[in-house]
């Protein structure tokens, strides 16, 4: 597991069933592209988040194949229509095999 | 014949250069060309412009993080390609049944001034395309 990896998720404060909400996610990660060369002329090995997945109660919202062209601390924003109460599960897949998972239950108002 | 210090230095420098060269060479070339990345997504079907909106700044001062938004109403899959980057395919998104509005935003790296490309595959298999020219001041891949 890489150091200093912290997922953040932002959802609207109040959500009603049927709303289309904007989901913002960010995970702190170096996203080492594998293109950089260090002072000795050696290539720094690639170490990125290569997949991001979001599902609502087991049904996929978005599934992203992430390349090294995505910036450090990858930020993803997408839309989601809330069908009813339930939980959103977010997963980030690291090159080193780690999977960072977060769950957010949607409290309807 | 004896080995002098000078000879030893030459061998050492040569070995170091041997390490350094492949690393530099690999920076210039990528395993997948932009054409291959596009062909892998499109297949042999037709591509039409329109139906996809790609939002990017005209001028990116910092190539390390450029905000990008792809709006592809009704699309099943979208792919973001930066032909001027060492690895052209930046992001591929599959929209699941729970995504009703097919719009994503992220931040991307741009190595140089280039025309960024977004392709979207509709549920019926047609492919839509949008392009945006972005001037990059400081490249974001080195």
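With the highest mean first, a sort of the peptides B:81-87, A:47-53, A:33-39 on other beta-carbon atoms found within 10 angstrom per residue produces B:81-87, A:47-53, A:33-39. With the cut-off at 1.5 for a/c, could you classify the stretch A:7-106 from its C-alpha gyration tensor as rounded, prolate or oblate? In terms of gyration-tensor shape, prolate. Residues B:124, A:63, A:19 in ascending order of nearby Cβ atoms (within 10 Å, fewest first): B:124, A:19, A:63.
Take each residue of peptide A:25-38, count the partner chain Cβ atoms within 10 Å of its Cβ, and average: the result is 3.
Using a 10 Å cut-off on Cβ to Cβ distances, tally the other chain neighbours for every residue of A:53-64 and report the average as a whole number. Write out the running numbers ahead of the final one.
On the way: counts 2, 3, 2, 4, 1, 1, 4, 6, 6, 8, 7, 8.
That average works out to 4.
Taking a point 7 Å from the Cα of residue B:67 along the Cα-to-Cβ direction, the residues of the stretch B:81-116 with backbone N closer than 13 Å to it are B:105-108.
List the residues of the stretch A:68-102 whose backbone N lies under 17 Å from a point placed 7 Å from the Cα of residue A:108 along the Cα-to-Cβ direction. Answer for the stretch A:68-102: A:80-88.
Quote the FRET efficiency, to the nearest 0.05, computed for residue B:132 versus residue B:100 with a Förster distance R0 of 25 Å and r equal to the Cβ-Cβ distance. List each step's numbers first, then the result.
On the way: r = 25 Å, r/R0 = 1.01.
That gives a FRET efficiency of 0.50.
The mean number of Cβ atoms from other chains found within 10 Å of a Cβ in peptide B:101-112 is 6, as a whole number.
Values quoted throughout were computed directly from the atomic coordinates according to the rules given, and no laboratory measurement underlies them. What you are looking at is a predicted structure, and each value in this text was computed from that prediction instead of being measured. So basically every Cβ, Gly included, is an ideal-geometry build from the backbone, and we count neighbours across all protein chains shown.
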